[in-house]
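Novice: Shown below is the structure under consideration.
None of the figures in this text is laboratory data; all of them are computed from the coordinates on show. Source: prediction; values computed, not measured. Note: ideal-geometry Cβ built from the backbone for every residue, glycine included; neighbour counts use all protein chains shown.
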Amino acid sequence: MSGRAPIADITLRSAVAADAADIARFHVRVWRETYARIAPAEAIAILDESRRLLSWVDRFASSDPRRQTWLAWRDNEIVALLDFGPSTNPVFGDRGEIKHLYLDRSVRGIGLGRRLIATAFDRLAEDGFAGAGLAVVRQNAEAIGFYKACGGREVARFTDPGPIWRSENIVMAWEGLGGLAEQGSTNRTE
């Protein structure tokens with residue numbers, strides 16, 4: 001894939017509270033790119049940097065060591081975001097939840113998405129979770145294809161309660177977290 005930097009040029013590290021503003025900027029940019037044709041205009045407008053910053057500051061105030069945020073950096077810029085830990089949504093059962101997985105378009109297709117999922121699976125397994133799950137908006141076909149290529153399977157559907165956007169979501173799940181990020185490695189849709 002021409003124009004794409006190799007994964008070796010990317011640094012992965014655990015995020016800290018001082019990263020909150022950079023994370024909010026990245027989150028808004030990639031979320032808006034991803035959902036521009038899916039989310040209502042009101043959600044695109046309201047979910048801005050100031051609102052995201054508040055949620056990231058709140059996230060870093062969490063004292064639960066099982067809640068982790070990881071960042072991928074290239075040339076001093078965030079190119080991917082991963083956030084995971086215990087779920088507060090009963091639809092996930094006793095699985096750990098990948099709450100956010102966002103990649104800049106420039107780093108898709110180089111194996112970074114699989115590396116991030118493997119990171120989440122490893123940490124969730126260390127914390128005693130036998131499985132993992134994530135919610136993906138039903139219309140996000142690209143992400144659903146990627147999760148299926150990584151061995152995820154649809155186990156439930158639910159409507160996000162809002163208050164801004166009541167999106168229809170699919171729960172993708174993995175059980176027995178060992179080695180699942182490598183499943184489907186011949187189908188590279190990330």
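Novice: Return a whole-number percent for the relative contact order of the chain, with Cα pairs under 8 Å and 6 or more residues apart as the contact set.
Specialist: 20 percent
Novice: Can you give the calculated 222 nm mean residue ellipticity of the chain, where each DSSP H run of n ≥ 4 adds -39,500 (n - 2.57) and the sum is split over every residue, rounded to the nearest 500 deg cm²/dmol?
Specialist: When only DSSP H runs of four or more count, the value is -9500 deg cm²/dmol.
Novice: Let me test this: with uniform point scatterers at the alpha carbons of segment 25-107, what is the Debye-based log₁₀ I(q)/I(0) at q = 0.14, 0.21, 0.22 1/Å?
Specialist: -0.56, -1.16, -1.22
Novice: In addition: Give the order of TYR147, TYR102, TYR35 when sorted by the count of other beta carbons within 10 angstrom, beginning with the fewest.
Specialist: In order of increasing Cβ crowding within 10 Å: TYR35, TYR102, TYR147.
Novice: Using all C-alpha to C-alpha distances in segment 7-182, build P(r) with 5 Å bins and read off the rounded percent in each one.
Specialist: With 5 Å bins starting at 0, P(r) equals 1, 8, 17, 21, 23, 19, 9, 1, 0.
Novice: I'd like the Karplus ³J(HN,Hα) series for segment 153-159: coefficients 6.51, -1.76, 1.60, θ = phi - 60°, whole numbers in Hz, and an x wherever there's a Gly or Pro.
Specialist: With coefficients 6.51, -1.76 and 1.60, one gets 10, 6, 10, 6, 9, 7, 9 Hz.
Novice: Please report the relative contact order for segment 3-100, taking Cα pairs under 8 Å with a sequence separation of at least 6, and give it as a percent rounded to a whole number.
Specialist: Reported relative contact order: 30 percent.
Novice: Something else about it: Identify which of GLU42, GLU175, GLU33 has the largest mean-square fluctuation in a Gaussian network model of the chain, with springs joining Cα atoms closer than 10 Å.
Specialist: Among GLU42, GLU175, GLU33, the largest GNM mean-square fluctuation belongs to GLU42.
Novice: Which far-off residues, 5 or more places away or on another chain, put their amide H under 5 Å from the one on VAL79, with H placed in the peptide plane?
Specialist: ALA72, TRP73, ARG74
Novice: How large is the dipole of segment 90-171 about the Cα centre if only Lys and Arg carry +1 and Asp and Glu carry -1, each at its Cβ, rounded to the nearest 20 debye?
Specialist: 280 debye
Novice: Please order PHE158, PHE26, PHE121 by the number of other Cβ within 10 Å, starting at the fewest.
Specialist: With the sparsest Cβ surroundings first, the list reads PHE158, PHE26, PHE121.
Novice: Applying the Karplus parametrisation 6.51 cos²θ - 1.76 cosθ + 1.60 with θ = phi - 60° to the phi angles of segment 49-60, what ³J(HN,Hα) value in whole Hz is obtained for each residue in order, glycine and proline being reported as x?
Specialist: The phi angles translate into 4, 5, 5, 5, 4, 4, 5, 6, 4, 4, 4, 6 Hz.
Novice: Just rank HIS100, HIS27, fewest to most, by other beta-carbon atoms within 10 angstrom.
Specialist: HIS100, HIS27
Novice: Given H placed 1.01 Å from N in the peptide plane, which residues other than close sequence neighbours of GLU97 have an amide H under 5 Å from its amide H?
Specialist: Hits under the 5 Å cutoff: GLY85, SER87, GLY133.
Novice: With +1 on the Cβ of every Lys and Arg and -1 on the Cβ of every Asp and Glu, and nothing else charged, how large is the dipole of segment 7-182 about its Cα centre, in debye rounded to the nearest 20?
Specialist: 300 debye
Novice: Which whole-Hz couplings ³J(HN,Hα) result when phi for each residue of segment 63-79 is put into the Karplus expression 6.51 cos²θ - 1.76 cosθ + 1.60, θ = phi - 60°, listed in order with x for Gly and Pro?
Specialist: 9, 7, x, 7, 8, 10, 10, 10, 10, 10, 10, 9, 6, 6, 10, 5, 10
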